[in-house]
Amino acid sequence: MGFFTDTSVCIGCKACEVACKEWNAVPEDGLDFTGMSYDNTQGLGADTWRHVAFIEQNKPMGQADPGVDHGDAPGDGGTDFRWLMASDVCKHCTHAACLDVCPTGSLFRTEFGTVVVQSDICNGCGYCIPACPYGVIDQRKGDGRAWKCTLCYDRLGAGQEPACAKACPTDSIQFGPLDELRERAALRVDQLHDLGVEDARLYGHDPDDGVGGDGAFFLLLDDPEVYGLPPDPVVTTRDLPSLWKHAGLAAAALAGGLATVFAAHGRGGPR
């Protein structure tokens, strides 16, 4: 199970942010305007499990007329302008590096394929934070433990959809089986291309990408970097098996060398 977020119909209402905080009792996080548009939560973190980005661009949307009439706007009232709005969330990676590095088993894979932090087991070591290729998981100030989206694990167990998807008025956030969501997303991209929105593309949907595909993927209207997303995310622990193998070989060689030295010393010593 997972999320498909269609940013082309996001209206930036932040209902998802509010619903997430209310249902999961996520603390208030300051609500300080960044000076960059209407974004007052800045990014994902321990106290922001859903983040709605507001991105202003001087370009029209698809086949829209470039001279948009803004009525009483100064000048001639026309401009090339569009908003890109997108509700970001933990990606619930198929190959989740946070799971690989957690020493206590606080992070676990649920029966729905999602990744959840058990706050009562987390020891606050912070290993999961640099391991995440998306910079999602974070430690809460004054608490020390790691927190992130659980994809409303408690609601899923009761047969309900996550709070953010339930609250979204435009169905920008869609919840369901990933295979069905991927088919629906592909059709939506084709539809947008037919409407002249040539930049529409999917992000995080490919099971063959660097993280094995995301449990939360997106339809974007521009490059991932525009939305603050890495263009080619790779699971940060992908080289661990080979590193452990080389470390083991080095340790075995060292042990063999020490054994040889001690054996030679024993033969050459006093009788």
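Yes/no matrix, rows are residues, columns are (1) closer than 30 Å to Ala96 by Cβ; (2) modelled with pLDDT of 90 or more:
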residue: Ala200; (1), (2): yes, yes
residue: Leu221; (1), (2): yes, yes
residue: Pro224; (1), (2): yes, yes
residue: Val234; (1), (2): yes, no
residue: Ala259; (1), (2): no, no
residue: Phe262; (1), (2): no, no
residue: Gly269; (1), (2): no, no
- Note on the structure: Within region 111-120, the count of residues that are open to solvent by 10 Å² or more (accessible area, probe 1.4 Å) and in a loop (DSSP other than H, G, I, E, B) comes to 6
- Task: Give the residue, chosen from Asp65, Asp100, Asp76, that is out of contact with any helix residue (DSSP H, G or I) (no Cβ under 6 Å at 6 or more places or on another chain), among the charged types (D, E, K, R), at pLDDT 70 or above and open to solvent by 20 Å² or more (accessible area, probe 1.4 Å).
- Result: Asp100
- Note on the structure: When Leu240 is run through (1) modelled with pLDDT of 65 or more; (2) surrounded by 13 or more Cβ atoms within 10 Å (Cβ to Cβ); (3) not charged (D, E, K, R), the failure sits at (1)
- Which of the following residues is modelled with pLDDT of 95 or more and either open to solvent by 30 Å² or more (accessible area, probe 1.4 Å) or not hydroxyl-bearing (Ser, Thr, Tyr) (or both): Phe54, Phe4? Phe4
- Task: Search region 81-110 for residues being among the aromatic types (Phe, Trp, Tyr) and outside any loop (DSSP other than H, G, I, E, B), and hand back the single one that is nearest to Asp199 (Cα to Cα).
- Result: Trp83
- Taking region 79-94 and keeping residues modelled with pLDDT under 90 and either touching a helix residue (DSSP H, G or I) at 6+ places or on another chain (Cβ under 6 Å) or open to solvent by 20 Å² or more (accessible area, probe 1.4 Å) (or both) leaves Thr79, Asp80, Phe81, Trp83
- Query: Do any helices (runs of 4 or more DSSP H) lying entirely in region 148-197 carry at least 1 residues that are open to solvent by 10 Å² or more (accessible area, probe 1.4 Å) and free of Cβ contacts under 8 Å to residues at least 40 places away in the same chain, and which ones are they?
  - Reply: 153-157, 178-194
- Note on the structure: Checked region 7-43 for anything modelled with pLDDT under 90 and under 30 Å from Ala186 (Cβ atoms); matches are Asp39, Gly43
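The values are calculated or read from the model by the stated rules, or taken from the named source; none is laboratory data. Source: prediction; values computed, not measured. Here Cβ is always computed from backbone atoms with ideal geometry, including for glycine, and neighbour counts include all displayed protein chains. Accessible surface areas use protein heavy atoms only, side chains included; no ligands, DNA or RNA. Shrake-Rupley method; radii C 1.70, N 1.55, O 1.52, S 1.80 Å.
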